[in-house]
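J.: Have a look at the structure that comes next, please.
The values are calculated or read from the model by the stated rules, or taken from the named source; none is laboratory data. Worth saying up front: this structure is predicted, and the values here are computed from it rather than measured. Note: ideal-geometry Cβ built from the backbone for every residue, glycine included; neighbour counts use all protein chains shown. Just the protein is used for accessible areas: all its heavy atoms, side chains included, with ligands, DNA and RNA removed. Shrake-Rupley method; radii C 1.70, N 1.55, O 1.52, S 1.80 Å.
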Amino acid sequence: MQYLKMSGNTWLKARDGFYTDIFRLVLPIVIQNLITSAVSMADVVMLGRVNQTVLSAASLAGQVQFLLNIVYFGLNSALTILAAQYWGKGDRRSISRIMGIGLWISLVCAVLATTMAIVGPSTVMSFWTDDPLLRQTGAEYLRIVALSYLFAGFSQPYLSIMKSCKRVKLSAAVSALTLGLNVILNAILIFGLFGFPSMGIAGAALATVISRGVELIVCAADFMRQRLIPRSPRIIFVIPRLLRIDFVKYSLPAFLNDAMWGLAFNMNSVIMGHLGSDIVAANSIVIVVRDLLSVTGFGLSAAAAILLGTELGSGKTELAKKDASSIVRLTFLISLVQGVFILLISPLVPHFALLTDTAKKYLRIMLFINSVYQVGQTLNTIWIASIFRCGGNSKYGMILDISCMWFVAVPLGLISAFVLKLPPLTVYLLMCTDEFVKLPFALHHYRSRKWIANLTRDFD
């Protein structure tokens with residue numbers, strides 16, 4: 001048996017080859033997530049050097065992209081549920097058809113977001129803040145960045161399918177190229193380097209549009225070159241009725257789960273947007289730090305869904321059970337390490353942006369809260385967004401997630417902020433309770449083994 005030692009025990013014992021298999025998938029995904037988070041951090045640092053108003057406005061305007069990212073995250077999970085199992089079975093035509101479903105969903109959402117951002121950016125901003133200056137500055141950003149939503153609507157489903165086919169290096173390479181370009185263009189366009197005009201927040205938006213355009217071009221070129229799945233539109237968009245039914249049954253709950261979770265999480269930004277610029281600025285930095293330090297846990301979740309889904313699709317049920325147990329133990333260890341690291345860097349983080357003394361105070365306390373919060377979040381993600389879904393048991397996770405967010409966290413935030421009028425940090429703490437409410441239920445369902453199933457069919 002292969003194992004990692006922990007305090008003299010074999011607590012992280014696993015089957016031979018497990019760590020090789022999982023890290024071969026995890027490493028490119030972690031690199032991709034790390035690049036994404038690093039770019040977000042660079043955006044925060046650069047805009048924070050302009051002024052706090054620009055930083056806060058970009059953070060609030062970025063909630064549109066955040067909602068789309070939640071859609072893509074949910075769609076990625078939904079596509080992986082079926083695509084990974086059909087990859088394990090060796091049915092490539094069905095994988096192309098699953099990609100077709102993903103393209104329809106992502107493009108509908110992308111067109112809607114693009115239209116809203118272009119036609120009524122001030123109206124969109126008014127949903128997150130009643131501050132006139134923040135609304136005006138954020139609207140300037142939205143008008144320009146809107147086109148990037150449409151570009152991502154094409155590229156994200158394709159990259160999700162390629163991950164399910166274990167081409168995880170492709171996503172990492174595309175992220176390294178396009179997001180690295182985003183950082184460079186940000187610096188040039190925000191501050192006016194190399195003779196370019198200083199565009200401020202508009203420059204950050206334009207940099208995003210250009211980098212997303214490059215991402216789309218690279219994905220289109222790779223699609224025409226690859227031989228893993230059929231490229232014919234007649235295969236991609238002619239989807240068998242039973243496959244559509246399976247997607248609705250197994251994958252749609254995962255998609256709705258993440259969409260509703262994203263809306264609930266977005267409500268937190270709405271609440272804080274009405275509590276003042278200081279808490280908004282502090283939260284924009286906290287989100288980047290938490291995302292940056294959570295890349296390993298969330299990368300493990302994505303890799304686990306691919307690995308376990310492939311094993312279940314190829315009929316290796318007992319192997320999937322053993323690997324799931326190893327994944328949970330490894331996730332718990334990683335979440336503890338992430339929490340400790342957040343505590344260690346918390347004294348340094350406030351120095352990376354021009355914040356008021358009040359915002360710095362908020363930031364330090366919010367980082368402490370998140371050092372604990374992300375432990376529950378990482379464990380719940382591996383269970384709900386990975387293990388349950390890879391076996392088609394996404395409905396349970398959907399019910400659990402939606403219940404805890406919409407009947408616990410959001411009501412607590414609304415009541416504490418607008419009825420009881422509690423201090424901003426107290427409101428924030430109460431909105432961070434959902435992960436620990438759902439934790440015992442997720443653990444119980446995992447131990448029940450009801451999530452294990454082979455979902456594939458024979459179509460051709």
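J.: Solvent-accessible area per residue for segment 248-295 at a 1.4 Å probe radius, Å²?
T.: 26
J.: For the chain, with only Lys/Arg (+1) and Asp/Glu (-1) charged at the beta-carbon, what is the dipole magnitude about the Cα centre, in debye rounded to 20?
T.: 1400
J.: Using alpha carbons only, how many degrees (0 to 90, rounded to 10) separate the axis of helix 295-313 from the longest principal axis of the chain?
T.: 20
J.: Is there a quick way to get the dipole size of segment 171-302? I mean about its Cα centre, with the Cβ of Lys and Arg at +1 and of Asp and Glu at -1; what is the value in debye to the nearest 20?
T.: 700
J.: Measure off, as a whole percent, the carbon and sulfur share of the 1.4 Å-probe accessible area of the chain, all protein chains present.
T.: Of the solvent-accessible surface of the chain, carbon and sulfur hold 68 percent.
J.: Could you give the alpha-carbon Rg of segment 309-460 over 2.2 N^0.38 Å, rounded to two decimals?
T.: My calculation over the Cα atoms of segment 309-460 gives 1.30.
J.: Return, ordered by residue number, the residues of segment 271-304 whose backbone nitrogen is under 17 Å from a label point located 7 Å along Cα→Cβ of Ser325.
T.: Nothing falls inside the zone, counting backbone N under 17 Å.
J.: Which of the trypsin sites (Lys or Arg not before Pro) found in segment 383-449 are in a DSSP loop and have at most 16 neighbouring Cβ atoms, other than their own, within 10 Å?
T.: Lys421, Arg449
J.: Is the shape of segment 124-256 rounded, prolate or oblate, going by the alpha carbon gyration tensor and its root eigenvalues a ≥ b ≥ c, with a/c under 1.5 for rounded and a/b larger than b/c for prolate?
T.: Oblate is the answer for segment 124-256, as a/c is 1.5 or above yet b/c matches or exceeds a/b.
J.: If r is the Cβ-Cβ distance from Ser198 to Val108 and R0 is 30 Å, what FRET efficiency results, to the nearest 0.05?
T.: 0.20
J.: Okay, helix-only estimate at 222 nm for the chain: each DSSP H run of n ≥ 4 adds -39500 (n - 2.57), divide by all residues, round to 500 deg cm²/dmol; what do you get?
T.: Rounded to the nearest 500, the figure is -25500 deg cm²/dmol.
J.: Residue by residue through segment 349-354, what is 3J(HN,Hα) from phi via Karplus (6.51 cos²θ - 1.76 cosθ + 1.60, θ = phi - 60°)? Round to whole Hz and write x for glycine and proline.
T.: 3J(HN,Hα) across segment 349-354, in whole Hz: 4, x, 7, 8, 8, 7.
J.: Here's another thing I want to ask about it. Could you work out how much longer the chain between Lys361 and Phe223 gets when fully extended? Use 0.36 nm per residue separation minus the Cα distance between them, nm to one decimal.
T.: That works out to 44.8 nm of additional length.
J.: Ok, one more. So what's the angle, to the nearest 10 degrees on a 0 to 90 scale, between helix 201-225 and the longest Cα principal axis of the chain?
T.: It works out to around 20 degrees.
J.: Would you give the gap between the C-alpha center of segment 400-417 and the C-alpha center of segment 196-270, rounded to a whole Å?
T.: With segment 400-417 and segment 196-270 each reduced to a Cα centre, they are spaced 28 Å.
J.: Working from Cα positions, state the angle (0 to 90°, nearest 10) between the long axis of helix 52-89 and the longest principal axis of the chain.
T.: 0
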